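Report on one structure; see the data block that follows.
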Amino acid sequence: MNHVILYCHPSKESFNMALLETYTEELKRSGHTVAVRNLYSSGFQPVLTQEEYEQSLAYMYSTDIKKEQELLTWCDCLTLIYPVWWGGMPALLKGYIDRVFSYGFAYELDGEEPIPQLKGKSAVSICTTGTPSEIYEKNGMHYAMNLARDHSIFEFCGMEVKRSIYFGNVIQSPESERERMLQCVRSLGSSF
């Protein structure tokens, strides 16, 4: 399978980077082709302008967006790896989705009825939080984030959500717990 990983964390020393490296290595070891897009190091410009929005309604996309759309067309599975900040994804990743998952590419409309354009592709999310997972599970935050991302973005565009993983309390987790988290993404990478 062809995998695209969108990685969104500003620190090269973060646990998110360890998750990215472990997951990527396991996918490659399992025989998959992987393209990683590090949104912070790529210099991706996340702001959707009015002009770009209007052009997308006419199926016109800038060169940088066409490049990203070609990657998504190529992939069978898209994985997002990011920290949860303020109950959602980092602004840079949201801006990527705003610009790249544009009208005519990721979806179209028949009146008010969406027409998904990314059918046959799957999606995975691997997220870290400072809050323990039990708290987010109990207060409904995991459900809310899944609804906002998985249903409102991926499923809206026709993608099948394979997994949504949350690793909580990563800042204070002991090394043994972090190793368990890394083993979880190894298992995920070998499951395709």
Practice task
Any chance you could check the Cα centroid distance between the range 136-166 and the range 1-75 for me, in angstrom?
Solution key: 19 Å
Practice task
Would you mind checking the range 48-76 for residues with the amide N under 15 Å from a putative spin-label position 7 Å along Cα→C-beta of residue 108?
Solution key: 56-60
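Could you check how much of the accessible area of the chain is carbon and sulfur, as a whole percent, using a 1.4 Å probe?
Values: 5080 of 9770 Å².
Answer for the chain: carbon and sulfur cover 52 percent of the accessible area.
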Handout entry: Reachable aspartates and glutamates, given that their alpha-carbon falls under 19 Å from the alpha-carbon of residue 119 and they are not under 8 places away in the same chain
Key = 68, 70, 76, 98, 108, 110, 150, 155, 160
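Just the projected area, averaged over all directions, of the convex hull on the alpha carbon atoms of the range 1-111: how many nm²? Intermediate results must be reported in sequence, preceding the final value.
On the way: hull surface 32.5 nm².
Averaged projected hull area, Cα only: 8.1 nm².
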Exercise for the section: Would you please give the residues with an amide H less than 5 Å from that of residue 131, counting only those at least 5 places away or on a separate chain, with H modeled from the backbone geometry? Expected result: 169
Practice task
Would you list which lysines come within 19 Å of residue 67, measuring only between C-alpha atoms, while excluding same-chain residues fewer than 8 positions from it?
Solution key: 94, 121
Fill in the blank from the handout: Which residues qualify? For residue 34, with a placed amide H closer than 5 Å and at least 5 residues away or on another chain, they are 3
Handout entry: Highest average packing first - 67-79, 93-105, Cβ atoms within 10 Å
Key = 93-105, 67-79
Problem - the range 53-192, accessible area per residue, ligands and nucleic acids excluded (1.4 Å, Å²) - result: 51 Å²
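The values are calculated or read from the model by the stated rules, or taken from the named source; none is laboratory data. In this text, all values refer to a predicted model and were calculated from it rather than measured experimentally. Quick reminder, even Gly has a Cβ in these numbers, built from the backbone with ideal geometry, and neighbours come from all protein chains shown. To get the accessible areas, we keep the full protein, side chains included, count just its heavy atoms, and leave off ligands, DNA and RNA. Shrake-Rupley method; radii C 1.70, N 1.55, O 1.52, S 1.80 Å.
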